[in-house]
Each structure stands twice: as structure tokens, then as C-alpha cells.
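Student: Encoded as C-alpha cells, here's the structure I'll be asking about.
The values are calculated or read from the model by the stated rules, or taken from the named source; none is laboratory data. Fair warning: this is a prediction, and the values are worked out from it, not measured in the lab. So basically every Cβ, Gly included, is an ideal-geometry build from the backbone, and we count neighbours across all protein chains shown.
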Amino acid sequence: MRNDPWDYADLYERWSSNYREDLSFYGAAAERAAKRHGGPILELCCGTGRLLPALLAAGGEVVGLDISAHQLRLAAGKAELGGAIRDGRLHLLQSDMAGFQLTRRFALIVVAFNSLCYLLDDVTRARCLHAISDHLLPGGELVLDVDNPITNHAGPEGAFALDDLLVDYPEPGDSTRIYIGHERHNEDPRIENIHYRFVVTTEHGELIREVHHNMRCRAPAEVVEEIESAGLSVQRLSGTFSGKRFDPLESPLIVIVARKKS
Ligand SMILES: C[S@@+](CC[C@H](N)C(=O)[O-])C[C@H]1O[C@@H](n2cnc3c(N)ncnc32)[C@H](O)[C@@H]1O
């Protein structure tokens, strides 16, 4: 895909691979889907496949969908996913999550790691949620997490400072430094521009890669409303993966389990 803003998959992989706090939560959702329907599972925005092993562990078939050929190529090359691809248990598919069309229905659809927020406008987001609803089996679940906009990214409007060094990433031993900055969009302050700077130390010196993404996070009530408007019923809204009650002023995340009405 030309102008793929996600073509820094190798750096993204270094950054995200030691983010593990959601693995058991999504793994448990996959177990529920396997028990209820025997699978299958669809992960929208699967990226480099960080979550796919946890979804495959439940034993069913998994489809990973992503818009970025670069991210999918990295997923397809992972040794830990090779067996499932060869056995026909894992299918990787390049598509836009807004308005995707597949021929099968799923017991579980996952949209992890704030990925729904890459859809900026209401119409595109509604189209995606309707496509999700259309692709769920009756009683099937949509499970997702997005940032709580009240506690996250609350940088000063318009200001841009690339001064925030992510200390937890990447893997210990990797010398990549990752800086992150946030800037509110001037025309629409609900849209945030996230700016990453990856500084990789190589034998030839420092390699610097800058990446920008626009995101739009919504308040919890808006997230619930848009999900329910697509014909799903929100069963659980928590503030953490461990199920802590959502507190608008404290919770880092909005974690949602919704079900397709039978
Ligand atoms: C934050 S990453 C999450 C990757 C993976 N789910 C994880 O948890 O590590 C977001 C992913 O969303 C994908 N993406 C962004 N916009 C998309 C769209 N409109 N349709 C499908 N994928 C999209 C990007 O290519 C990227 O791989």
C-alpha cells in the first residue's frame, strides 16, 4: 500500500512487543468464544500479530485483518505464527476495518490497543461498528479497549513537546529510544496528533524515524452509544483489564465487552 503510515512495522514491533498487560484478558475472551461457538475469531487491526498467539491458544480459527501490508508481512514472518498459518488456523488479510466484508461470521471480534481511535469521523466509525455487528454470530462478542480521553493525552492544546521518553519500551537490552509527543488538532481539538520519534543506535550512528498518527478518542458514554447503535449490547465496561470499575477521572482505559443480540 502506498503511503502506508504504518510502514515502520519493525520499529512498532520493538515498541509494542513487551506490552503484555492485555494478553490474558483477550485470551479469556477467546476461551469464552471457543466454549460457546468453537470459534472463529476476528482481530481487526491485528498489526504485527502481538495478540494472535493468545487468541490462537483457545484452539479455534483466527482471522487477523489490518490495513497495513508492512504490519501483516511482519506477522506472517513470525515463527510463532507459522504453524497456525500452515495448518489453515490463521488467515491474515489486508483490509480497511471501516466497512470490511467477509463471507463468514465470528464468535468474537477483537479491536485491541486503542485501534478503534484511528477512525476519526463518526460516519466511518459507525460503518466499522455496523460491519462488526454484521459479522458476529448471534450471542457473539465484541471486545475492545480504547484510551480514556479524560486521563490520557491531556497535554496542553496546540502545544507540542517531544520530550516524553517512553522508559518501559522496548524490550530490555534494546537500545532504541522512543519519544512521544501529542498535539491537539487546531480545527478539531478532539483529534490528537501523536508523534513518535524512534532513535535506533546502530554501528553507523543513530537512525531516526519520525511517525505521525491522528487519533480521536471518545468519552465512555459516546463509545457505549455508538456500539449500541450498531445493534450490540454492552455487557461490561471496566477501567482496566483486570476488571476494575470504570472511574472517569482515574481509569486509564475504557475496556468493553459487548454482545450481539440473539
Ligand atoms: C496500535 S496498532 C495495534 C496492533 C495490534 N492489534 C496490537 O495490539 O499490537 C494499530 C494497527 O491498526 C492498523 N490500522 C490503522 N487503521 C486501520 C484501518 N482503517 N483498518 C485496518 N487497520 C488499521 C495499523 O496498521 C496498525 O497495525
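Student: Where residues in region 35-73 are among the aliphatic types (A, V, I, L, M) and surrounded by fewer than 19 Cβ atoms within 10 Å (Cβ to Cβ), which of them is nearest to the ligand (Cβ to nearest atom)? Please lay out each step first, then the result.
Tutor: Of all residues in region 35-73, those among the aliphatic types (A, V, I, L, M) come to 41-42, 44, 51-52, 54-58, 62-63, 65, 67, 69, 72.
If we keep only those that are surrounded by fewer than 19 Cβ atoms within 10 Å (Cβ to Cβ) as well, we get 57, 69.
On the way: 57: 16, 69: 9 Å.
Only one residue fits best here, namely 69.
Student: What is the residue count in region 196-208 for residues that are exposed (fewer than 14 other Cβ atoms within 10 Å of the Cβ) and either in contact with a helix residue (DSSP H, G or I) (Cβ under 6 Å, 6 or more places away or on another chain) or not charged (D, E, K, R) (or both)? Lay out the reasoning, then the answer.
Tutor: Residues of region 196-208 that are exposed (fewer than 14 other Cβ atoms within 10 Å of the Cβ), as a first pass: 201-208.
Subset that is either in contact with a helix residue (DSSP H, G or I) (Cβ under 6 Å, 6 or more places away or on another chain) or not charged (D, E, K, R) (or both): 201-202, 204-205, 207-208.
Looking only at that region, the number is 6.
Student: Taking the criterion of being aromatic (Phe, Trp, Tyr), within 12 Å of the ligand (Cβ to nearest atom), assigned by TED's automatic domain parsing to the domain that holds residue 52 and within 20 Å of residue 31 (Cα to Cα), would at least one residue in region 103-113 satisfy it? Spell out how you get there, then give the answer.
Tutor: Initially, region 103-113 is screened for residues aromatic (Phe, Trp, Tyr), giving 106, 113.
Checking which are within 12 Å of the ligand (Cβ to nearest atom) leaves us with 113.
Next cut, assigned by TED's automatic domain parsing to the domain that holds residue 52 only: 113.
Pick out the ones that are also within 20 Å of residue 31 (Cα to Cα) and you get 113.
Yes: one or more hits.
Student: In this structure, does residue 259 turn out to be surrounded by fewer than 18 Cβ atoms within 10 Å (Cβ to Cβ) and modelled with pLDDT of 95 or more?
Tutor: On the way: surrounded by fewer than 18 Cβ atoms within 10 Å (Cβ to Cβ): yes; modelled with pLDDT of 95 or more: yes.
For residue 259, the condition - surrounded by fewer than 18 Cβ atoms within 10 Å (Cβ to Cβ) and modelled with pLDDT of 95 or more - is met.
Student: Moving on. Could you look through region 199-223, keep only residues that are within 20 Å of the chain's Cα centre (by Cα) and part of a strand (DSSP E or B), and pick out the one that is nearest to residue 254 (Cα to Cα)?
Tutor: 216
Student: Any chance region 156-169 includes a residue that's more than 30 Å from residue 40 (Cα to Cα), surrounded by 16 or more Cβ atoms within 10 Å (Cβ to Cβ) and at pLDDT below 75?
Tutor: We begin by selecting, within region 156-169, every residue more than 30 Å from residue 40 (Cα to Cα); these are 156-169.
Checking which are surrounded by 16 or more Cβ atoms within 10 Å (Cβ to Cβ) leaves us with 169.
From what is left, the residues that are at pLDDT below 75 are 169.
For region 156-169, residues more than 30 Å from residue 40 (Cα to Cα), surrounded by 16 or more Cβ atoms within 10 Å (Cβ to Cβ) and at pLDDT below 75: present.
Student: Picking from 93, 42, 74, which residue would you name as being assigned by TED's automatic domain parsing to the domain that holds residue 242, closer than 29 Å to residue 242 by Cα and of a type outside the set (D, E, K, R)? It would help to see each step written out before you state the result.
Tutor: Values: 93 fails: closer than 29 Å to residue 242 by Cα; 74 fails: closer than 29 Å to residue 242 by Cα.
So the residue among 93, 42, 74 that is assigned by TED's automatic domain parsing to the domain that holds residue 242, closer than 29 Å to residue 242 by Cα and of a type outside the set (D, E, K, R) is 42.
Student: Another question, then. Which count do you get for residues in region 6-18 that are charged (D, E, K, R) and either buried (at least 20 other Cβ atoms within 10 Å of the Cβ) or assigned to a loop (DSSP other than H, G, I, E, B) (or both)?
Tutor: Residues of region 6-18 charged (D, E, K, R): 7, 10, 13-14.
Within this subset, residues satisfying the condition of being either buried (at least 20 other Cβ atoms within 10 Å of the Cβ) or assigned to a loop (DSSP other than H, G, I, E, B) (or both) are 7.
Total meeting the criteria: 1.
Student: Continuing with the same structure: Considering only residues that are in a helix (DSSP H, G or I) and touching an Asp or Glu at 6+ places or on another chain (Cβ under 6 Å), which ones fall in region 61-72?
Tutor: Taking region 61-72 and keeping what is in a helix (DSSP H, G or I), we get 69-72.
Within region 61-72, 70, 72 qualify.
Listed here are the residues, each with its yes/no results for (1) in contact (Cβ under 8 Å) with a residue 40 or more places away in the chain; (2) within 30 Å of residue 178 (Cα to Cα); (3) not in a helix (DSSP H, G or I).
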{"site": "20", "(1), (2), (3)": "no, yes, yes"}
{"site": "27", "(1), (2), (3)": "no, yes, no"}
{"site": "31", "(1), (2), (3)": "no, no, no"}
{"site": "74", "(1), (2), (3)": "yes, yes, no"}
{"site": "82", "(1), (2), (3)": "no, yes, no"}
{"site": "97", "(1), (2), (3)": "yes, yes, yes"}
{"site": "100", "(1), (2), (3)": "yes, no, yes"}
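Student: Which of the residues spanning region 221-238 are of a type outside the set (Gly, Ala, Ser) and surrounded by fewer than 19 Cβ atoms within 10 Å (Cβ to Cβ)?
Tutor: The first filter runs over region 221-238 and keeps only residues of a type outside the set (Gly, Ala, Ser), leaving 222-228, 232, 234-237.
222, 224, 225, 226, 228, 234, 235, 236, 237 - these are the residues of region 221-238 that are of a type outside the set (Gly, Ala, Ser) and surrounded by fewer than 19 Cβ atoms within 10 Å (Cβ to Cβ).
Student: Could you tell me whether any residue of region 91-113 is surrounded by fewer than 17 Cβ atoms within 10 Å (Cβ to Cβ) and on the phi > 0 side of the Ramachandran plot? If you could, list the steps in order and put the result at the bottom.
Tutor: To start, the set of residues in region 91-113 that are surrounded by fewer than 17 Cβ atoms within 10 Å (Cβ to Cβ) comprises 91, 93-96, 99, 101-105.
Right, trim to on the phi > 0 side of the Ramachandran plot and you get 99.
Checking region 91-113: at least one residue is surrounded by fewer than 17 Cβ atoms within 10 Å (Cβ to Cβ) and on the phi > 0 side of the Ramachandran plot.
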